[in-house]
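The structure appears below as structure tokens.
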């Protein structure tokens, strides 16, 4: 499959691309006059130029088991070299004694210090992306917060189902906690963070940490998280939701790949889907941010409501007229800057020693 930079960019907002400014800048703007007005009607005015760029790329390529290798090959073109500073170290972490390992990237390690730490899981619809692609962005965040970040290169679906990726992410969290002194982390100030499918993985990991009781998690920051397999399968939303970026058809494919069964069906295990969990008590304080016309807006708002009712301190930020990945696709806008600043502010609060 010939996957050009322009075509792969059409996957907009699924972290494999959304954080790469050079990819966004390389995409030519189409002819606005040819764009259907209804596609922009619900988009915030200052986000419309970015929305036009994404619409000019055309429809998302149909994601299937056959097309997926080509889409992934295209993603490699968007991997950029790490920044000169802060430091980045690649480590292999055992998942179980005597079994396989998972690769992690440790950003801004400072042995002997005790700083806030983030366990990060990348986005990509459960089927795309890599931790390596996120490194430059995470370096900038680690410098801004003076924290250490461990990003997990978990196995992608459908080759690996949710049971594998959850265990890999948990192994990385346990490693971070046990090796806090060697990387300069405070084991009492560990936050989970992820975007899109990475937000879904972070939410799954928060449940695993709560249920197993081995590693204390102080906070979770979920950026337009992918939380509910029923979105696009049995739960259908107005056309504006997911009209730009990650759409319902892609969502069904991503969940199907992760679960190994039909999304929305009665056999879906609750342990694989944060929105299907019945007990949200005991989860860490949470930040959830999402755009108002993101495909995940309704599920994220509902999850926030349930967290609050379960007694979990929760901050919800909904940006009117914002689509999936807008914070990267339109990073120079006030809406995106305010959204990104809210994430940093939430993490700063979480890392305050009380």
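Quick one: would you say residue 211 is free of Cβ contacts under 8 Å to residues at least 40 places away in the same chain and part of a helix (DSSP H, G or I)?
In short, yes.
Collect the residues in segment 256-266 that are assigned to a loop (DSSP other than H, G, I, E, B) and at pLDDT 95 or above, keeping them in residue-number order.
Selection gives 260, 261, 262, 263, 264, 265.
Looking at segment 244-255, which of its residues are crowded, with 24+ Cβ neighbours inside 10 Å and either assigned to a loop (DSSP other than H, G, I, E, B) or touching a strand residue (DSSP E or B) at 6+ places or on another chain (Cβ under 9 Å) (or both)?
Selection gives 244, 245, 246, 251, 255.
Restricting the first residue to segment 105-116 and requiring it to be under 9 Å from residue 186 (Cβ atoms), which pairs with a second residue that is assigned to a loop (DSSP other than H, G, I, E, B) meet a Cβ separation below 7 Å and a spacing of at least six or different chains?
If the second residue must be assigned to a loop (DSSP other than H, G, I, E, B), the pairs left are 113/184; 115/146; 115/147; 115/184; 116/147.
Checking residue 229 against (1) surrounded by 23 or more Cβ atoms within 10 Å (Cβ to Cβ); (2) without any contact (Cβ under 8 Å) to a residue 60 or more places away in the chain; (3) not in a loop (DSSP other than H, G, I, E, B): exactly one of these is not met. Which one?
It is condition (3) that residue 229 fails.
Within segment 189-201, is there a residue that is assigned to a helix (DSSP H, G or I) and over 30 Å from residue 38 (Cβ atoms)?
Yes: one or more hits.
If you go through segment 24-49, how many residues are within 28 Å of residue 127 (Cβ to Cβ) and modelled with pLDDT of 60 or more?
4
Quick check on residue 74: is it loosely packed, with under 13 Cβ neighbours inside 10 Å, modelled with pLDDT under 90 and within 30 Å of residue 157 (Cα to Cα)?
Taking the combined requirement at face value, the residue does not satisfy it.
Among (1) touching a strand residue (DSSP E or B) at 6+ places or on another chain (Cβ under 9 Å); (2) farther than 24 Å from residue 68 by Cβ, where does residue 228 come up short?
Checking residue 228 against (1) touching a strand residue (DSSP E or B) at 6+ places or on another chain (Cβ under 9 Å); (2) farther than 24 Å from residue 68 by Cβ, the one that fails is (2).
So residue 328 passes all but one of these: (1) touching a residue at least 60 places away in the same chain (Cβ under 8 Å); (2) touching a helix residue (DSSP H, G or I) at 6+ places or on another chain (Cβ under 6 Å). Which condition number does it fail?
(2)
Quick check on segment 50-64. Is at least one of its residues assigned to a loop (DSSP other than H, G, I, E, B) and at pLDDT 85 or above?
Within segment 50-64, one or more residues are assigned to a loop (DSSP other than H, G, I, E, B) and at pLDDT 85 or above.
Run residue 99 past the list (1) under 22 Å from the mean Cα position of the chain (by Cα); (2) at pLDDT below 95 and report the number of the one that doesn't hold.
Just one mismatch for residue 99, condition (1).
The values are calculated or read from the model by the stated rules, or taken from the named source; none is laboratory data. This one's a predicted model, so the numbers in the text were calculated from it and none came from an experiment. Don't worry about glycine lacking a Cβ; one is built from the backbone with ideal geometry, like all the others, and counts go over all protein chains shown.
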